[in-house]
Amino acid sequence: MEQKLVGTIAIITGASSGIGAATARRLAAHGATVAVVARRADRLDTLVSDIEAAGGSALGVQADITDRAQAERAVSTVIDRFGRIDILINNAGLMLLGPVLDQDVEEWERMIAVNQRGLLFMTKAALPHLLIAANDELRGVADIVNISSIAGRQAWANFAAYNMTKFGVNGFTEALRQEVTKKHVRVGVLEPGAVETELISHNNDTIKDHLAVSDAKNIPEKLQPEDIAESITYMVTRHRRSSIAELWAMPTSQA
């Protein structure tokens, strides 16, 4: 049985496009007020307008969550406006690929900053409020969903640093789950396979061309952001007795 999200407040990072934007729309359609966090204010404004036009409630929060102060300020902004946080979706992510010998170390640092530090900063800032929400009468439960990747389960050549960040997300998620699950803060990790998003667009042309050819051959039908948004919604709308600790979402055509 699905739990309604009316009255809940959800924070979604990386919400200016792709999975984040699709998740914001879906959670808003289920009754949640969504605070959408990203660096691109113009896209957040458009997303908020779209959600409100569809009858939902949303707040855009411009922030670079790799900066601890900005991540903490984003959470404070939501608390100041709404007084609570019920759901945190740590979706912001960056995938930069290449061989270890040749890859620019600055690319590794950027991935660690977004995929790990940003997730840590947002979780640390939001967790006290999630614990409070889990204790009240609205739902009696709160949720953290961390968006990892199949690359958090399986390693490939040229994915080494990205693999490291996502394996780390998986480990952090499970450790945190064990810390807070008996307090009814559910912590789950979602590991998508190939999804049609902007994720590969930050790579150089050689990497992008290689991935385009490989995907066209091996994954003719990728998942869409809405597919992952549906899975996230499933995780956060379970009855409080039910916790989805790990969900692996793959295109049918991806081996």
Exercise. If the chain between Thr206 and Arg73 were fully stretched, how many nm would it gain, using 0.36 nm times the residue separation less the Cα-Cα distance?
Worked result: 44.1 nm
Exercise. Taking a 29 Å limit on the Cα-Cα distance, which of the listed pairs Lys4/Lys124; Lys4/Lys182; Lys183/Lys222; Lys166/Lys217; Lys4/Lys217; Lys124/Lys222 fall beyond it?
Worked result: Lys183/Lys222; Lys4/Lys217; Lys124/Lys222
Exercise. Per the helix-only calculation at 222 nm, which mean residue ellipticity applies to the chain, given -39500 (n - 2.57) for every DSSP H run of n ≥ 4 and division by its residues, nearest 500 deg cm²/dmol?
Worked result: -14000 deg cm²/dmol
Exercise. Which ordering of Val36, Val187 is given by a fewest-first count of other beta-carbon atoms within 10 Å?
Worked result: Val187, Val36
Exercise. With charges set only on the Cβ (+1 for Lys and Arg, -1 for Asp and Glu), what does the dipole of segment 9-249 come to about its Cα centre, in debye to the nearest 20?
Worked result: 920 debye
Problem set entry | Loop chymotrypsin sites (Phe, Trp or Tyr not before Pro), segment 110-182 (other Cβ atoms within 10 Å of the site Cβ: 11 or fewer; DSSP) | Trp156
For this session: Taking the Cα centre of segment 29-115 as origin, sum charge times position over the Cβ atoms of Lys and Arg (+1) and Asp and Glu (-1), and report the length of that vector in debye to the nearest 20.
Result: 360 debye
For this session: Starting from the Cα gyration tensor of segment 156-255, multiply each eigenvalue by 5, take the square root, and state the resulting semi-axes largest first in whole Å.
Result: 30, 17, 10
For this session: Just report the Cα centroid separation between segment 101-129 and segment 180-255, whole Å.
Result: 18 Å
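The numbers here are math on the coordinates, done by the rules we state, and not lab data. These figures come from a predicted structure and were not determined experimentally. We place every Cβ from the backbone using ideal geometry, glycine too, and count neighbours over all the protein chains shown.
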